[in-house]
Amino acid sequence: MNNEPFEPRIVAFFCNWCTYTAADLAGVSRLKYAPNTRVIRVMCSGRIDPQFILTALAKGADGVLIGGCHPNDCHYAEGNYKMLRRFQLLKRLLQDFGVEESRVRLEWISAAEGDKVKSVINEMTEQLRALGPLGMPAKFAAWDQEVEELQHQVDEASETEAAHA
């Protein structure tokens, strides 16, 4: 049995102009935050396809953090509003999948808010530790097994029906 505490894996999609710059500021300022996050820089939070988030979770991330410019401060005028609309729809979809809402988070973080990057990452890491692993790859394996069993039952029923016809 593994006695090591669970360490969540977080994938972060950060806007190039604000949140990514704030993460850089946090690093240069030597602010201490959990090393659980892997940052992917995007030009704008509005360019994040919800499929990116679903793929990150499906491939083993325990949580996803999205960081963008504050409202009315987007370098692409309305990109962050586009992300906000997508995020609201994504939350509904994740709820249908049984994924806890706190596993995916959207934060507005300006380039000058390195301390906010630190606090958000630390807070999210603690929340995910409390929730435990998401384990989507294992869930997919179980779902695949269920589908195979269902297919077997359908095949048997079809064979029985064909034999009686």
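Values quoted throughout were computed directly from the atomic coordinates according to the rules given, and no laboratory measurement underlies them. In this text the structure is predicted, and so the values were computed from the model without any measurement. Note that each Cβ is placed from the backbone with ideal geometry, even for glycine, and that neighbours are counted across all protein chains shown.
Annotations
- Simple spin-label estimate for Gln151 and Ala130 gives 4.1 nm between the two label positions (7 Å along the Cα-to-Cβ direction from each Cα).
- Charge tally for Tyr76 (other residues, Cβ to Cβ under 13 Å; Lys, Arg +1; Asp, Glu -1): 0.
- Stokes-Einstein D (µm²/s) once Rh is taken as the Kirkwood radius of region 82-162 over alpha-carbon pairs, at 37 °C in 0.692 mPa s: 201 µm²/s
- Helices of the chain meeting both criteria, an alpha-carbon length of 18 angstrom or more along the long axis and an average Kyte-Doolittle score not below -0.5, with helices taken as full DSSP H segments, are 114-131.
- In the chain the longest region clear of GluC sites (Glu not before Pro) that are loop-assigned by DSSP and have at most 14 other C-beta atoms within 10 Å covers 1-77.
- Over the chain, DSSP H runs of length four or greater, each weighted -39,500 (n - 2.57), average out per residue to a 222 nm ellipticity of -17500 deg cm²/dmol.
- Cα centroid separation, region 1-54 to region 64-120: 12 Å.
- Partner lysines whose Cα lies under 17 Å from the Cα of Lys139, excluding those fewer than 8 positions away in the same chain, are identified as Lys59.
- An oblate overall shape is assigned to region 9-129, the ratio a/c of its alpha-carbon gyration tensor axes (a ≥ b ≥ c) being 1.5 or greater and a/b not exceeding b/c.
- Hits among lysines - C-alpha to C-alpha of Lys91 under 16 Å, sequence gap 8 or more where chains match: Lys82
- Projecting label points 7 angstrom from Cα along Cα→Cβ for Ser29 and Glu4 puts them 3.1 nm apart.
- Sites listed here are trypsin sites (Lys or Arg not before Pro) in region 22-57 whose DSSP assignment is loop and whose Cβ has at most 12 other Cβ atoms within 10 Å: Arg30, Lys32.
- Under a model in which nothing but the beta-carbon of Lys, Arg (+1) and Asp, Glu (-1) is charged, the chain shows a dipole of about 1200 debye around its Cα centre.
- Across the chain, the mean sequence separation of Cα contacts (distance under 8 Å, 6 or more residues apart), normalised by length, yields a relative contact order of 31 percent.
- Under-5 Å amide H pairs with Ile40, H placed in peptide plane, nonlocal only: Ala12, Phe13, Phe14
- Hits among aspartates and glutamates - C-alpha to C-alpha of Lys32 under 20 Å, sequence gap 8 or more where chains match: Glu7, Asp24, Glu107, Glu113, Asp115, Glu123, Glu126
- Summing +1 for each Lys or Arg and -1 for each Asp or Glu among the other residues whose beta-carbon sits under 15 angstrom from that of Gly60 gives +3.
- Charge dipole (the chain, unit charges on Cβ, about Cα centre) - positive-most of Phe6, Met83, Ala162: Met83
- Count Lys and Arg as plus one, Asp and Glu as minus one, and take only other residues whose Cβ is under 12 Å from that of Pro137; the net charge is then +1.
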